[in-house]
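The values are calculated or read from the model by the stated rules, or taken from the named source; none is laboratory data. Please read all numbers here as calculations on a predicted model, not as lab measurements. Quick reminder, even Gly has a Cβ in these numbers, built from the backbone with ideal geometry, and neighbours come from all protein chains shown.
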Amino acid sequence: MYKIVEKKALTKDIKMLAVEAPDVVFNAKAGNFFVVIPDEKGERIPLTIYDWNREKGILYMIFQEIGLSTIKLGKLNVGDNIYAVAGPFGKHFHSKKYGKVAVVGGGVGVPAIFPIARQLKQDGNKVFSIIGYRTKDLVILEEEMKSVSDELLLATNDGSAGQKGFVTDILKNLIESENRPDLVVAVGPVVMMKAVSELTKTYNVPTVVSLNAMMVDATGMCGGCRVTVGGEVKFACVDGPDFDGHKVDFNQLTSRLAAYKDEEKTSADHHCRLDKGIKEAFDGRK
Ligand code: NAD
Ligand code: FES
C-alpha cells in the first residue's frame, strides 16, 4: 500500500498526489514512467514521472481525470492508500550537453517534460521551454518550468495567456532565430508530437518524443504498447518511451490509442450505474 501524503488540484480535472513510494523513487530518473493501480479491482494507469524526493521516498504524480481509473485515483485523499505503485519503467531520457535544447510540453504533457528540462539544465544546456495549453485556466506548472529553463515561452490556443497559438508556432520562430536548438524534446498529445516532428524534420533538427502508447503489463510481454519506429516494431514500455520523432508512425499510434473507446465507454457506464460519486465526476467533465 502506498500512502497519499499531499493532494492538490492544479485545475478542475488535473490533480497532483504526493505518495510514499520509496521503492519507486530510489532509482527514478527523468523520462521513466511508473504504473498506478488505484484499488484492488482497478486497472493499471501508466504515468510519466513528474518529480520525486529520494530522501523522503516521496513520488509526486500529476494526472488528468479522464476515464474511470483516473477518476477513482482523483477521489482518493490525504491519508488514503493507493493499492499499488510500480516502477520505474522504461528507458530514462539520455541527457548530456547538446548545447541549446527546446523542450516542448503540451497540456498534461508538461509534468513529463519538467524533470527532462531540469536534467538538461543541470547538464549545462541552454534550455528553452515551450509550453502550450488550450486556455488560461488549464495552465499548470508555469513557475516550476520557469525555474528549470533559461527561457520560458508560453502559448494558449485562444491567447488568454502568453502568446496566441500552438507550441509549434513558437518553436518555428525559435528554430528560425539565432537560438536554433540542437535538440528538441516534445511530450504532449500525439497530434502535437506529430506536428512538432514534422516541423523539425523540415529544418533537420533532431527530435525526441515520449510516446503515451496504450499499456497493459509495462514489462514487454503483452505487446499492447507496440509502435512502429523507422519501419520496425518497438514496445514503448521497454524500448521507449522516448523515440526519434522523425521515425515514429504517428497515424498508427493514434488509431491504436482509439481501439478500445467502445469498451471504455461500456465500463464507464457500468460504474456510473454502480457509484453515484463516479457518475457525478463523469458528468462534471461533460
Ligand atoms: P491539449 O489538447 O490541451 O493540447 C496542449 C497543447 O498542445 C495545445 O495547447 C497546443 O499548443 C499543442 N497542440 C495541440 N494540438 C496541436 C497541433 N495540431 N499542432 C501543434 N500543436 C498542438 O492537450 P491535453 O488535453 O492536455 O492532452 C495532453 C496529452 O498529453 C494527453 O493526450 C496525454 O495522453 C498526453 N501525455 C503524454 C505523455 C507522454 O509521456 N507522452 C505524458 C503525459 C500526457
Ligand atoms: Fe505490454 Fe509494453 S505494455 S509490452
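Checking each residue in the range 243-261 for being in contact with a Leu (Cβ under 8 Å, 6 or more places away or on another chain) and either near ligand 2 (Cβ under 10 Å from one of its atoms) or modelled with pLDDT of 95 or more (or both) picks out PHE243, VAL248. Being surrounded by 17 or more Cβ atoms within 10 Å (Cβ to Cβ), in contact (Cβ under 8 Å) with a residue 40 or more places away in the chain and away from ligand 1 (no atom under 11 Å from the Cβ): is that true of PRO111 here? Answer is no for this residue. Sub-6 Å Cβ pairs linking a first residue in the range 218-235 that is more than 10 Å from ligand 2 (Cβ to nearest atom) to a second residue that is in a strand (DSSP E or B) and at pLDDT below 95, at least 6 apart or interchain, are VAL233/ARG226, ordered by first then second residue.
Limited to the range 123-145, what total is found for residues that are part of a helix (DSSP H, G or I) and in contact (Cβ under 8 Å) with a residue 12 or more places away in the chain? Number satisfying all stated conditions: 6.
With respect to GLU198, determine if the residue is more than 30 Å from ALA86 (Cβ to Cβ) and either free of Cβ contacts under 8 Å to residues at least 60 places away in the same chain or under 18 Å from the mean Cα position of the chain (by Cα) (or both).
Working: more than 30 Å from ALA86 (Cβ to Cβ): yes; either free of Cβ contacts under 8 Å to residues at least 60 places away in the same chain or under 18 Å from the mean Cα position of the chain (by Cα) (or both): yes.
So GLU198 fits the description; yes.
If only one of LEU199, LEU154 is touching a strand residue (DSSP E or B) at 6+ places or on another chain (Cβ under 6 Å) and near ligand 1 (Cβ under 10 Å from one of its atoms), which one is it?
Values: LEU199 fails: touching a strand residue (DSSP E or B) at 6+ places or on another chain (Cβ under 6 Å).
On inspection, the qualifying residue turns out to be LEU154.
Among the listed residues VAL103, VAL78, which satisfies the condition of being surrounded by fewer than 19 Cβ atoms within 10 Å (Cβ to Cβ) and modelled with pLDDT of 95 or more? Give the derivation first.
Numbers: VAL103 fails: surrounded by fewer than 19 Cβ atoms within 10 Å (Cβ to Cβ).
Going through VAL103, VAL78 in turn, the sole match is VAL78.
Any residue at all in the range 147-158 that's under 23 Å from ASN212 (Cα atoms), among the β-branched types (Val, Ile, Thr) and at pLDDT 95 or above? Scanning the range 147-158 turns up at least one residue that is under 23 Å from ASN212 (Cα atoms), among the β-branched types (Val, Ile, Thr) and at pLDDT 95 or above. Scanning for something aliphatic (A, V, I, L, M), crowded, with 21+ Cβ neighbours inside 10 Å and farther than 30 Å from LEU10 by Cα, does the range 206-227 turn up at least one residue? Yes, the range 206-227 has at least one match.
If you take just the strands (runs of 3 or more DSSP E) that sit entirely in the range 1-99, which of them hold at least 1 residues that are under 30 Å from LYS126 (Cα atoms) and touching a Phe, Trp or Tyr at 6+ places or on another chain (Cβ under 8 Å)? Before the answer, list the steps.
On the way: elements: 2-9, 14-20, 33-37, 45-48, 51-53, 58-64, 84-89.
The qualifying strands (runs of 3 or more DSSP E) are 14-20, 33-37, 45-48, 51-53, 58-64, 84-89.
Is at least one residue of the range 66-74 hydroxyl-bearing (Ser, Thr, Tyr) and modelled with pLDDT under 95? Yes - at least one qualifying residue is present in the range 66-74.
For residues in the range 12-24 being within 17 Å of the chain's Cα centre (by Cα) and at pLDDT 95 or above, which is surrounded by the fewest Cβ atoms within 10 Å (Cβ to Cβ)?
Just the residues of the range 12-24 that are within 17 Å of the chain's Cα centre (by Cα), to begin with: 13-18.
Narrowing further to those that are at pLDDT 95 or above: 14-18.
Numbers: ILE14: 22, LYS15: 20, MET16: 18, LEU17: 24, ALA18: 20.
Here the answer is MET16.
LEU141 meets all of the listed conditions (1) more than 22 Å from LYS15 (Cβ to Cβ); (2) in contact with a Phe, Trp or Tyr (Cβ under 9 Å, 6 or more places away or on another chain) but one, namely (1).
When you check VAL208 against the structure, is it more than 16 Å from ligand 2 (Cβ to nearest atom), part of a strand (DSSP E or B), out of contact with any Gly (no Cβ under 6 Å at 6 or more places or on another chain) and on the phi < 0 side of the Ramachandran plot, yes or no?
Yes: the conditions hold for VAL208.
In the list ASN32, ASN27, which residue meets the criterion of being touching a residue at least 60 places away in the same chain (Cβ under 8 Å) and surrounded by fewer than 19 Cβ atoms within 10 Å (Cβ to Cβ)?
Working: ASN32 fails: surrounded by fewer than 19 Cβ atoms within 10 Å (Cβ to Cβ).
Being touching a residue at least 60 places away in the same chain (Cβ under 8 Å) and surrounded by fewer than 19 Cβ atoms within 10 Å (Cβ to Cβ) holds for just one of ASN32, ASN27, which is ASN27.
Kindly evaluate ILE170 against the criterion of being surrounded by 14 or more Cβ atoms within 10 Å (Cβ to Cβ), more than 20 Å from GLN252 (Cα to Cα) and within 11 Å of ligand 1 (Cβ to nearest atom). Yes. Reported count of residues in the range 213-255, each being part of a loop (DSSP other than H, G, I, E, B) and farther than 24 Å from GLU43 by Cα, is 6. Within the range 168-192, the residues that satisfy the criterion of being more than 21 Å from GLU151 (Cα to Cα) and part of a helix (DSSP H, G or I) are VAL190, VAL191.
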